[in-house]
Amino acid sequence: MDKKSRRIDLKRDHLRINTERDVQSGLTNGLERIILEHQALPELDFSRIDIQAELFSKTLHAPVFISSMTGGIPESIEINRILAEAAQIAGIAMGVGSQRAALEFPDLMETFKVRKYAPDILLFANLGAVQLNYSFGPDQCRKAVEAIEADALILHLNPIQEALQLDGNTNFSGLLKKIEMVCKNLHVPVVVKEVGWGISERVARHLISAGVAAIDVAGAGGTSWSEVEKYRLEDPQDYKVAEPFKNWGISTVQSIHNVRKASPDVLVFASGGLRTGVDIAKCIALGASLCGMAGVFLRAVTISLDELQKTIWRIIQQLKISMFAAGASDLNSLRRVRIIEK
């Protein structure tokens with residue numbers, strides 16, 4: 001099997017396993033221990049609750065992000081089209097899946113091009129940070145951004161996933177300097193994110209020193225990519241190697257705290273097991289500016305655009321009701337509500 005075919009099979013496996021298997025982390029994201037103090041007399045008009053956000057020179061109707069999922073295979077063309085159309089209608093942000101394969105095989109880039117369906121959204125390009133140790137550099141990052149007319153670039157960190165892949169890229173040495181080089185040379189903001197095992201305070205400090213515009217914590221509690229990779233493994237020994245990492249990682253809540261300890265100013269994106277608008281309200285109250293979901297939207301998009309729109313509407317209504325009940329008229333006031341941690 002040639003290199004291109006292997007890349008396509010990998011992406012196809014990831015999509016199939018995420019839709020057919022239970023790949024949830026064995027840990028919780030910590031949000032069940034967070035309570036926003038209820039205000040029985042909110043002194044607010046619900047119809048005037050404002051959830052609009054400004055980010056990277058874009059206005060979002062809600063601080064919601066369709067987290068990076070797919071691209072690079074024929075099936076992803078339709079999925080990304082529906083995701084983009086829904087994001088455009090709702091006025092929320094969207095990321096595409098890793099564009100590595102499309103940079104290696106340019107004919108695959110078309111599967112990531114969603115700007116024609118969503119001319120106004122905040123759109124994120126996406127590459128694995130480790131590829132900076134495997135011949136990629138600022139030029140390839142620029143190509144990933146320009147090819148899909150993105151507003152920002154996500155560099156994702158996935159050491160456990162790479163270590164479990166049979167042909168994974170596992171040289172993560174010296175990456176910080178290369179991330180810093182990308183931040184200095186790219187014309188759009190750079191966001192660094194984990195893929196589901198969270199961010200420590202130490203890593204947050206390093207990334208901030210490198211000049212990243214935002215950190216997406218992608219904490220434990222949502223999709224476990226060790227579980228996804230486990231189901232790709234054929235050797236029983238490899239399967240057993242992967243099993244315990246279902247319970248590895250830093251929760252989403254602790255990851256947000258870690259980034260906030262590292263800096264009160266850097267933008268925090270919250271993801272990792274978020275499922276409702278109540279979860280989003282809690283993360284905004286903890287200090288996040290944007291909240292990402294993948295699994296919730298992937299399940300909806302496999303049904304229809306209508307189902308996806310209903311899902312987004314439900315999440316936004318839950319966010320607004322949470323703010324109303326917490327006495328927060330807008331996102332800034334939501335960040336000042338009283339938080340009770342159990």
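The values are calculated or read from the model by the stated rules, or taken from the named source; none is laboratory data. Since the model is a prediction, treat every value here as computed from it, not as a measurement. FYI the Cβ positions are ideal-geometry reconstructions off the backbone, even for glycines, and counts take in every protein chain you see.
One residue stands out among those in region 294-327 that are crowded, with 20+ Cβ neighbours inside 10 Å, in contact (Cβ under 8 Å) with a residue 40 or more places away in the chain and of a type in the set (Gly, Ala, Ser): the one that is farthest from VAL253 (Cα to Cα), which is GLY327.
Table: residues versus (1) under 22 Å from GLY26 (Cβ atoms); (2) touching a residue at least 24 places away in the same chain (Cβ under 8 Å); (3) out of contact with any helix residue (DSSP H, G or I) (no Cβ under 7 Å at 6 or more places or on another chain); (4) not charged (D, E, K, R).
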| site | (1), (2), (3), (4) |
| --- | --- |
| HIS187 | no, yes, yes, yes |
| VAL212 | no, yes, no, yes |
| TRP225 | yes, yes, no, yes |
| TYR231 | yes, yes, no, yes |
| ASN258 | yes, yes, no, yes |
| LYS261 | no, yes, no, no |
| VAL268 | no, yes, no, yes |
| GLY272 | yes, yes, no, yes |
| CYS283 | yes, yes, no, yes |
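For region 103-121, which positions are of a type in the set (A, V, I, L, M, F, W, C) and without any contact (Cβ under 8 Å) to a residue 12 or more places away in the chain? Break it down stepwise before answering.
Our first condition is that a residue be of a type in the set (A, V, I, L, M, F, W, C); within region 103-121, this holds for 103, 105, 108-109, 112, 114, 118, 121.
Matches in region 103-121: none.
Taking the criterion of being among the hydrophobic types (A, V, I, L, M, F, W, C), touching a residue at least 40 places away in the same chain (Cβ under 8 Å) and more than 16 Å from ALA288 (Cα to Cα), the only residue of region 191-202 that qualifies is TRP197. Residues in region 54-72 that are in a strand (DSSP E or B) and either modelled with pLDDT under 95 or in contact with a Leu (Cβ under 8 Å, 6 or more places away or on another chain) (or both): GLU54, LEU55, LYS58, LEU60, VAL64, PHE65, ILE66.
Restricting to region 63-81, and then to whatever is aliphatic (A, V, I, L, M) and more than 30 Å from ASP330 (Cβ to Cβ), can you tell me which residue is nearest to the chain's Cα centre (by Cα)? Here the residue is ILE79.
Look through region 1-21, keep the residues that are assigned to a loop (DSSP other than H, G, I, E, B) and without any contact (Cβ under 8 Å) to a residue 24 or more places away in the chain, and return whichever of them is farthest from THR111 (Cα to Cα). Per the criteria, the residue is MET1. The one condition from (1) under 25 Å from VAL253 (Cβ atoms); (2) part of a loop (DSSP other than H, G, I, E, B); (3) hydrophobic (A, V, I, L, M, F, W, C) that VAL191 does not meet is (2).
Hey, does region 280-296 have a residue that's modelled with pLDDT under 95 and within 17 Å of the chain's Cα centre (by Cα)?
To start, the set of residues in region 280-296 that are modelled with pLDDT under 95 comprises 295.
With within 17 Å of the chain's Cα centre (by Cα) added as a condition, the list becomes 295.
Yes, the conditions are met somewhere in region 280-296.
The listed residues are GLY168, GLY174, and the only one of them that is without any contact (Cβ under 8 Å) to a residue 24 or more places away in the chain and surrounded by fewer than 20 Cβ atoms within 10 Å (Cβ to Cβ) turns out to be GLY168. The set of residues in region 68-103 being closer than 21 Å to ARG7 by Cα and small (Gly, Ala, Ser) consists of SER68, GLY71, GLY72, SER76, GLY95, GLY97, SER98, ALA101, ALA102.
Restricting attention to region 243-270, the residues being closer than 30 Å to TYR231 by Cβ and of a type in the set (Asp, Glu) number 1. Every condition in (1) β-branched (Val, Ile, Thr); (2) over 26 Å from ILE339 (Cα atoms); (3) buried (at least 17 other Cβ atoms within 10 Å of the Cβ) is met by VAL241 except one, and the failing one is (3). Do we have GLN131 as under 20 Å from the mean Cα position of the chain (by Cα) and not small (Gly, Ala, Ser) here? The answer is yes for GLN131. Residue under question is THR59, and the condition is that it be in contact with a Gly (Cβ under 6 Å, 6 or more places away or on another chain) and not hydrophobic (A, V, I, L, M, F, W, C); does it hold? No, not satisfied. Filtered by the rule that a residue be over 15 Å from ALA285 (Cα atoms) and either acidic (Asp, Glu) or without any contact (Cβ under 8 Å) to a residue 60 or more places away in the chain (or both), region 28-40 gives a lone residue, ALA40. For region 6-24, the condition of being more than 30 Å from ILE340 (Cβ to Cβ), touching a Gly at 6+ places or on another chain (Cβ under 7 Å) and not charged (D, E, K, R) holds for at least one residue.
Across region 194-244, the qualifying residues are those that are assigned to a loop (DSSP other than H, G, I, E, B) and more than 30 Å from LYS58 (Cβ to Cβ), and the one among them that is farthest from the chain's Cα centre (by Cα) is ASP235.
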